Amino acid sequence: MRRPIVAANWKMHHTVGEAQRYLHRLLELVPADPPLDLVVLPSATSIQATAQSLAQTPIAWGAQSARPEPEGPFTGELSVRQVCELGASYVICGHSERRALFNEDDKLVSRMVKAALESDLVPIMCVGESLEQRRAGTDWQVGEKQLDVGLSQIEEQESARIVIAYEPVWAIGTGVAAQPEDAQQMAGRIRTWLGNRFGASGERIRIQYGGSVKPDNAQQFLELANVDGALVGGASLDPDSFWQIAQAAVR
Ligand code: PGA
């Protein structure tokens, strides 16, 4: 059995005060020993406050992105080493917004995933096709290449800790979620790929669906056989809505 994992990607939202109020409310909602992994991914300015608010709680936190280099001339960036110092447990690698806006390619994503694992962070590696790629029927080709290159440096014995987020680009922030059958098909293909690449460990890797997940549609994704959780953007910005989605992940 894979433990469900639901993550809140705040993107560039919430001031420090807003983050603290959010986490205060979330901690009122979440029981001491929730039956799933809950992860909050704040923006950089709220990392410190998040680390403090979530210390000794059942909720983990992570970074929305982190460079693999320990330090260097990367204006505006954070390194895996820096977020580890503050106590991060997770890091998103290759979110489609980073791929599109900051030219992150599969090779860089593969270095991020490797650096994350070497530092004991859980990488949440995002894969997913654009609308043009889906219409052209190349959605799986795209996903397969992202997996091939993104996980090219990963050994079988470290692979079980990875999380894969299937996020069709056209469903992110648009209010138009994928059809559950499409998510099911892609998650199934990803699961088969993981099994071929990592053997039995591939069964232990968790797959999330992401893209316009909300409290009223979460159940239809989270009940799918190969979907073990969700990566939530817009609907995670409210703690009550995020917790409602998280509860749908528990079968
Ligand atoms: P969304 O974002 O839930 O707002 O579509 C998901 C994501 O970008 O991870």
Handout entry: Odd one out for His13, checked against (1) open to solvent by less than 60 Å² (accessible area, probe 1.4 Å); (2) within 16 Å of the ligand (Cβ to nearest atom)
Key = (1)
Exercise for the section: Give the residue that is nearest to the ligand (Cβ to nearest atom), with candidates limited to residues of the range 213-234 that are within 23 Å of Arg25 (Cβ to Cβ) and crowded, with 20+ Cβ neighbours inside 10 Å. Expected result: Gly233
Handout entry: Any chance Arg189 is more than 14 Å from Met125 (Cβ to Cβ) and away from the ligand (no atom under 12 Å from the Cβ)
Key = yes
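Looking for whichever is touching a residue at least 40 places away in the same chain (Cβ under 8 Å), open to solvent by 30 Å² or more (accessible area, probe 1.4 Å) and within 19 Å of Val39 (Cβ to Cβ) here; the options are Arg197, Arg206. Which one fits? Show your work before the answer.
Working: Arg197 fails: within 19 Å of Val39 (Cβ to Cβ).
None of the others qualify; the one that does is Arg206.
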Exercise for the section: Within the range 152-169, identify whether any single residue is surrounded by 15 or more Cβ atoms within 10 Å (Cβ to Cβ), assigned to a helix (DSSP H, G or I) and within 16 Å of the ligand (Cβ to nearest atom), and answer yes or no. Expected result: yes
Fill in the blank from the handout: The residue that is nearest to Pro4 (Cα to Cα), considering only those in the range 54-69 that are open to solvent by 30 Å² or more (accessible area, probe 1.4 Å) and in contact with a Phe, Trp or Tyr (Cβ under 9 Å, 6 or more places away or on another chain), is Gln64
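Quick one: is Arg81 within 16 Å of Gly210 (Cα to Cα) and in a helix (DSSP H, G or I)?
Values: within 16 Å of Gly210 (Cα to Cα): no; in a helix (DSSP H, G or I): yes.
It is false that Arg81 is within 16 Å of Gly210 (Cα to Cα) and in a helix (DSSP H, G or I).
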Exercise for the section: Among the residues of the range 174-186, write down those that are open to solvent by 80 Å² or more (accessible area, probe 1.4 Å) and farther than 23 Å from Ala225 by Cβ. Expected result: Val176
Problem - Residue list for the range 235-250, restricted to those being away from the ligand (no atom under 14 Å from the Cβ), closer than 19 Å to Arg21 by Cα and crowded, with 20+ Cβ neighbours inside 10 Å - result: Pro239, Trp243
Practice task
Show the residue pairs that are 6+ apart or on different chains and have beta-carbon atoms under 8 Å apart, the first residue being within the range 155-173 and more than 18 Å from Val232 (Cα to Cα), the second being aromatic (Phe, Trp, Tyr) and away from the ligand (no atom under 16 Å from the Cβ).
Solution key: Glu156/Phe198; Ser159/Phe198; Ala160/Phe198
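Taking the options Gly94, Gly72, Gly76, name whichever one is buried (at least 21 other Cβ atoms within 10 Å of the Cβ) and at positive phi.
Values: Gly72 fails: buried (at least 21 other Cβ atoms within 10 Å of the Cβ); Gly76 fails: buried (at least 21 other Cβ atoms within 10 Å of the Cβ).
Selected residue: Gly94, the only one of Gly94, Gly72, Gly76 that is buried (at least 21 other Cβ atoms within 10 Å of the Cβ) and at positive phi.
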Handout entry: Tally, over the range 106-150, of residues that are outside any helix (DSSP H, G or I), without any contact (Cβ under 8 Å) to a residue 12 or more places away in the chain and not aliphatic (A, V, I, L, M)
Key = 2
Practice task
Quickly run through the range 182-228 and pick out the residues that are over 21 Å from Arg134 (Cβ atoms), out of contact with any helix residue (DSSP H, G or I) (no Cβ under 7 Å at 6 or more places or on another chain) and outside any helix (DSSP H, G or I).
Solution key: Arg204, Arg206, Asp216, Glu223, Ala225, Asp228
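The values are calculated or read from the model by the stated rules, or taken from the named source; none is laboratory data. Remember, predicted model here, so these are calculated numbers, not experimental data. Using ideal geometry, Cβ is built from the backbone for each residue, glycine included, and neighbour counts are taken over all protein chains shown. Areas reflect the complete protein model, heavy atoms only, side chains present, ligands, DNA and RNA absent. Shrake-Rupley method; radii C 1.70, N 1.55, O 1.52, S 1.80 Å.
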